[in-house]
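Visitor: Dropping a structure here in structure tokens format, bear with me for questions.
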Amino acid sequence: MSRVHFPDLDRELKADVTCHRGVFEKKTFKRGNSHNLYCYSHKVNGKLWANCEHLHLAAVPSFRKDVVGINLANNVISHFPTNLPLDIAYLDVSKNNLRNVTQRSLTRYGNLKNISISENLLQTIELGSFKYTPKLVHLDISGNQELTLEVVANISSDLENSTSIRVLNFEKLQCTYGVSYIVKKYHIIGLKHTRLEELNLASNRINSLEFGVLSELPKSLKHLNLANNVLSYGLYIVEFGGLINVVTLNASFQSSFHQIRVKDFFLSCNDTRLVCRTLSENHRGNLVRNNRLSSYNITIFIPPKIQAFYFHDNLYKMTLQDYALSSTSKPVLTKLYLQNNIIYKLIGPITGIASVFHADFSNNFCSYISPRFFEDFKNLSFLDLSHNALGENLENDLDGNLFQNLRMLKSLNLSRNRIVRLPKKIFRNLKQLEILNLSSNSLSKFTVPINHMVRLFYLDLSDNQISTMSLETRNMLDAISQKKLVYVNLKGNELRCNCENLEFVKWILNSKNIDFRHFDDYVCTFSNSSRLPFYDIDHLLQLLEKQCSSYTLIIVIMTSLTVVILTITVSRILYRYRWKLRYMYYVARERYIVNVRRQDALPNDLYHFDAFVSYSDEDRLFVIDLVKHLEKEFNLRLCIHHRDFIPGTGIADNITNAIHNSRKTFCIMTSHFLDSYWCMFELNMARMEAIYSRNGENVLFLVALEKGVMKNLPLAFMDLIESKSYLEFPEGGDENEVTAFRSKLGDTLRSGDNQFRSL
């Protein structure tokens with residue numbers, strides 16, 4: 001708990017001060033064998049003030065009559081001083097050993113305006129103690145836990161007719177670990193007709209207020225502090241709307257946990273016969289109790305002039321649903337402080353807060369915000385959602401509905417929210433945004449469009465996992481910074497120094513209107529894991545350009561080699577399987593055209609021809625004569641290109657169709673055949689047909705019309721020669737030999753036997 005300062009004194013101290021060290025009425029004090037210790041005096045606006053703080057005084061020295069303010073704080077005074085100047089207006093005897101304030105303690109000091117007797121060992125303040133201080137403006141009795149709140153009844157009774165009192169500080173009058181307390185009407189009834197403006201009831205274990213207490217408070221009240229209590233729901237809540245002049249309301253630190261430190265001093269106090277120990281300072285922990293607040297369809301009546309509502313650092317577990325704030329006039333509430341609570345979800349909508357421009361929901365364990373929650377926050381300028389768990393919620397906002405109503409927002413803090421990625425439309429309506437804080441998340445890249453944020457001047461991406469910025473993002477920042485300076489914070493990211501990031505590093509160096517905050521702390525990581533600071537960016541850029549120039553040469557060479565190797569490899573593959581590929585192409589094309597799918601081995605009655613005859617045009621007369629005899633004598637149907645190819649169809653298609661639709665293929669081998677491109681095409685297509693469509697059945701055989709022609713066949717067909725899958729025409733033979741040749745060939749075509757012996 002901090003000491004309350006005197007407002008009037010604080011204002012006067014702003015003037016020029018002339019200080020000197022002096023002895024008042026030649027009175028000195030010794031501490032053991034040490035040198036003399038003196039109070040310090042100074043003048044403010046011609047009035048004399050004395051500072052005797054931290055001098056271990058057990059008795060109060062005498063002062064000149066013109067001294068108007070005396071500071072005796074942090075000494076060991078045990079009795080209220082009775083030898084002070086009669087016209088004293090400001091007196092601070094806080095943090096001493098005072099035990100009692102009686103009716104006669106202040107009777108001599110009728111001009112007192114400000115008095116602090118906080119953090120003493122007070123056990124009683126008698127009724128009538130402040131009856132003779134009609135000019136009293138500020139009274140601080142906080143930190144005296146043996147008094148309990150019952151002493152408020154005496155003080156309010158003494159001040160019943162006061163027209164000067166403005167500030168009353170009753171903080172920490174209850175035992176820190178004592179029982180909870182209910183404030184009654186009789187405690188404050190005497191204050192009803194005063195002009196009190198500030199009332200501090202913090203840290204008193206107040207559980208509730210009797211119905212009517214708030215109605216009995218003076219209408220002049222502007223600041224009410226109920227922080228660090230154990231408030232629960234009660235009928236008194238509806239009375240807050242009657243505090244017609246209250247500007248600030250503090251209900252923070254409810255149900256807080258207080259830790260004791262060894263170095264703190266201890267006091268004993270009686271509170272319903274309980275002995276308790278108190279602290280010189282309270283420490284709030286994070287102990288979560290099972291106090292659950294349900295918020296569902298609730299109308300909250302608020303003071304009509306309230307401007308700031310403090311409801312932070314509470315240990316209530318809650319979900320903010322559809323609250324409605326209502327007052328007797330148009331609301332003027334501008335600031336909401338709800339940080340450091342346990343608010344799991346922001347569902348809303350909360351209505352009646354269109355005037356709010358500052359809202360703090362940070363550190364609330366919040367994992368979900370409804371798209372309707374901010375519907376009535378139409379004038380919100382500052383929004384703090386840091387230290388929550390909104391990462392997944394934000395990632396799923398693909399249409400940008402969460403912040404769509406915050407068109408006046410100027411500052412948005414989303415730091416420490418476990419954000420991994422952000423959708424493109426998340427900030428689509430934030431055209432007035434000036435400050436965007438996304439620090440301490442897990443962003444690996446930032447690609448959110450910001451070109452519509454023409455007022456943006458501070459972008460905080462520090463302590464993420466960003467290694468570079470895309471060209472699009474850099475262009476958007478450049479566009480925004482054309483007319484003003486833009487601050488960007490990339491500290492704590494793993495910025496990469498590689499050839500892909502060369503342009504990014506150059507951009508950082510050459511950006512004129514972008515100020516990179518904490519630039520000296522930036523570190524760049526190279527491909528070999530070495531790290532260099534960014535502050536020597538010129539040297540860094542030289543190293544990177546040198547590395548990238550050699551790297552580029554290597555890339556060009558390796559790419560060229562790769563292309564050459566791939567070209568050679570593909571070419572060899574295509575050459576080796578050229579006939580197979582061509583065959584498969586024509587077969588597939590034929591099947592597509594006729595829309596007929598054949599099985600691997602087709603039945604004999606599905607073939608159009610018994611055999612396809614492949615020959616050179618130079619051997620045409622021989623072939624025509626041979627075909628006539630075979631078709632007439634053996635009842636065979638043969639396919640020859642002069643007669644049976646389909647006009648208007650490509651040669652390759654005709655050849656493939658003929659081979660595929662014939663049970664066998666035989667070639668008339670001559671030197672002309674070997675020199676003909678199409679003859680060799682037919683020979684290879686027939687071989688592919690045998691291998692891939694007839695399950696390896698040898699349906700191809702050769703007829704050697706010239707002696708020695710078989711020696712000139714390509715090596716790929718040597719298996720046909722070795723297996724004797726050919727006939728030799730008896731060149732120069734008599735008619736019987738020719739007839740025998742025809743008979744042998746005809747029988748073969750009819751029987752399917754492909755094994756021949758040379759004749």
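Visitor: Can you compute 3J(HN,Hα) from phi for each residue in segment 416-431, using the Karplus curve 6.51 cos²θ - 1.76 cosθ + 1.60 with θ = phi - 60°, rounded to whole Hz and x for Gly and Pro?
Guide: The phi angles translate into 6, 10, 6, 7, 9, 8, 10, x, 4, 9, 4, 10, 5, 9, 8, 6 Hz.
Visitor: A follow-up question, please. What number, in percent, do you get for the relative contact order of segment 322-365 if the mean sequence gap of Cα pairs under 8 Å and at least 6 apart is divided by its residue count?
Guide: Relative contact order for segment 322-365 comes out at 54 percent.
Visitor: To continue, here is another question. List every residue whose amide H lies under 5 Å from the amide H of Y487, counting only residues 5 or more places away in sequence or on a different chain, with H placed 1.01 Å from N in the peptide plane.
Guide: Placed amide hydrogens put Y458, L459, D515 under 5 Å from Y487.
Visitor: Could you rank Y186, Y368, Y109 by how accessible they are, 1.4 Å probe, largest area first?
Guide: The ranking, largest first, comes out as Y186, Y368, Y109.
Visitor: Output wanted: per-residue J couplings in Hz (rounded whole) for segment 622-634, from phi through Karplus 6.51 cos²θ - 1.76 cosθ + 1.60, θ = phi - 60°, x for Gly and Pro.
Guide: Those phi angles translate into 4, 5, 4, 5, 5, 5, 4, 5, 5, 6, 7, 7, 10 Hz.
Visitor: Report, in whole Å, the centroid distance computed from the Cα atoms of segment 302-340 and segment 652-723.
Guide: 95
Visitor: Check I70: other-chain or 5+ apart residues with amide H under 5 Å from its amide H, H built from backbone geometry?
Guide: So I70 has HN proximity to A50, Y90, L91, D92.
Visitor: List, in order, the whole-Hz ³J(HN,Hα) value for each residue of segment 319-331 obtained from phi through the Karplus relation with A = 6.51, B = -1.76, C = 1.60 and θ = phi - 60°; use x for Gly and Pro.
Guide: Computed from phi, the couplings for segment 319-331 are 10, 7, 9, 8, 6, 10, 8, 10, 8, 6, 9, 4, x Hz.
Visitor: At 7 Å along Cα-to-Cβ for each site, give me the label-to-label distance between N698 and S571 in nm.
Guide: For the pair N698/S571, the computed spacing is 3.6 nm.
Visitor: Loop-only GluC sites (Glu not before Pro) in segment 83-151, please: DSSP not H, G, I, E or B, and at most 16 other Cβ atoms within 10 Å.
Guide: Counting only loop positions with at most 16 other Cβ atoms within 10 Å, the GluC sites (Glu not before Pro) in segment 83-151 are E126, E150.
The values are calculated or read from the model by the stated rules, or taken from the named source; none is laboratory data. Being a predicted model, the structure only gives us computed values, none of them experimental. We place every Cβ from the backbone using ideal geometry, glycine too, and count neighbours over all the protein chains shown. Heads up: the accessible areas ignore ligands, DNA and RNA and are worked out on the full protein's heavy atoms, side chains in. Shrake-Rupley method; radii C 1.70, N 1.55, O 1.52, S 1.80 Å.
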